[in-house]
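Undergrad: The structure's right below; bear with me while I get my questions together.
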Amino acid sequence: MATPLLLEPTPGMRLDYYLAHATTLSRKEAKRIIHQGRVSVAGQVERKTSTPVEADSVVCLDEQQLVLSQGHRYLMLNKPVGVISATEDGQHRTVIDLIPPALRRDLHPVGRLDRDTTGLILLTTDGQWSHRVSSPRGQCAKVYRAQLDQPLTAQARSRLEQGVMLKGETVATRPADVESIDDRTIRLRLTEGRYHQVKRMLAAVGNHVIALHRERVGSIQLDDNLPPGAYRELSKEEISGV
């Protein structure tokens, strides 16, 4: 299990040193950003690169709290509509574009969400962790909230719970857990990730997905405090729990 190795600031660690080690910035870049007033310590903007950082100091870059760590980075992002799950694209904004440049290096999305699907997507620099979360063998459950074009019938729900045959495939889906939220909204729990799976499953039972939002991956629940387009670091418990 690869988890980030958290470092404690040495007594009186300089702010530019802290910033360089908590991000992928060089010391020169860190100094420039501090001078620009983009870094705060304990809620106060600091423009002096030599400002001491203590072990209990909360340091933020562009109002996002930093974690002084060595090794891999693990983030959750609340993906908005219109953003694609890729590291780069010539036409559309990507999930990586929503992360500050200082933290982007070597980040990649874990799995993917369709361009019009919103919600939880994980980003990391840890390829082994990414594979474990997204591999079909791992059966890491994903939970989606789907708004439907028409109410889900009892027969359609039963078919989803038993597994359905998707168009163009020869093996039925694994059984899904289905929860009714209201007349036209359901929550689906899946343990596989086929191409456009939720939309294709609902199409297979004669319905249509109007809007789709991912709420959970494994034990990692999308933070209710994250607005669309925002991100945060995963906790050690979240990292080790999937």
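The values are calculated or read from the model by the stated rules, or taken from the named source; none is laboratory data. No experiment lies behind these values; they were computed from the predicted model shown. Reconstructed Cβ throughout: ideal geometry from the backbone, glycine too, with neighbour counts over all protein chains shown. The area values use the complete protein model at the heavy-atom level, side chains included, leaving out ligands, DNA and RNA. Shrake-Rupley method; radii C 1.70, N 1.55, O 1.52, S 1.80 Å.
Undergrad: All but one of (1) open to solvent by less than 30 Å² (accessible area, probe 1.4 Å); (2) under 26 Å from L222 (Cα atoms); (3) modelled with pLDDT of 90 or more hold for L66; which doesn't?
TA: (3)
Undergrad: Let me ask something else. Name the residue, out of D126, D97, that is within 25 Å of G241 (Cα to Cα) and either open to solvent by 10 Å² or more (accessible area, probe 1.4 Å) or at pLDDT below 95 (or both).
TA: On inspection, the qualifying residue turns out to be D126.
Undergrad: If I ask for residues that are in contact with a strand residue (DSSP E or B) (Cβ under 8 Å, 6 or more places away or on another chain) and not in a loop (DSSP other than H, G, I, E, B), which ones from the stretch 72-102 would you list?
TA: If the condition is that a residue be in contact with a strand residue (DSSP E or B) (Cβ under 8 Å, 6 or more places away or on another chain) and not in a loop (DSSP other than H, G, I, E, B), then Y74, L75, M76, L77, N78, K79, I84, T94, I96, L98, A102 are the ones that fit.
Undergrad: Quick test of your reading of the structure: V81 fulfils all but one of (1) at pLDDT 95 or above; (2) open to solvent by less than 30 Å² (accessible area, probe 1.4 Å). Name the failing condition by number.
TA: Unmet for V81, out of (1) at pLDDT 95 or above; (2) open to solvent by less than 30 Å² (accessible area, probe 1.4 Å): (2).
Undergrad: While we're here: Are there any pairs with C-beta distances below 6 angstrom linking a residue in the stretch 4-30 that is at pLDDT below 60 to a residue that is open to solvent by 30 Å² or more (accessible area, probe 1.4 Å) and among the hydrophobic types (A, V, I, L, M, F, W, C), with the two at least 6 apart or on different chains, and if so which?
TA: Short answer, once both residue conditions are applied: E8/A55; P9/A55.
Undergrad: Which of the strands (runs of 3 or more DSSP E) found entirely inside the stretch 129-198 contain at least 2 residues meeting this: touching a residue at least 12 places away in the same chain (Cβ under 8 Å) and either on the phi > 0 side of the Ramachandran plot or buried (at least 18 other Cβ atoms within 10 Å of the Cβ) (or both)? Don't jump to the end; show me each part of the working.
TA: Values: elements: 142-148, 177-182, 185-190.
Fully inside the stretch 129-198 and qualifying: 142-148, 185-190.
Undergrad: Being in a loop (DSSP other than H, G, I, E, B) and over 20 Å from H72 (Cα atoms) is the filter here, so list the residues in the stretch 201-229 that pass it.
TA: Result: V205, G206, N207, H208, L222, D223, D224, N225, L226, P227, P228, G229.
Undergrad: Somewhere in the stretch 200-207, is a residue within 15 Å of T118 (Cβ to Cβ) and not acidic (D, E)? Give the derivation first.
TA: Filtering the stretch 200-207 for residues within 15 Å of T118 (Cβ to Cβ) gives none.
Checked the stretch 200-207: no residue is within 15 Å of T118 (Cβ to Cβ) and not acidic (D, E).
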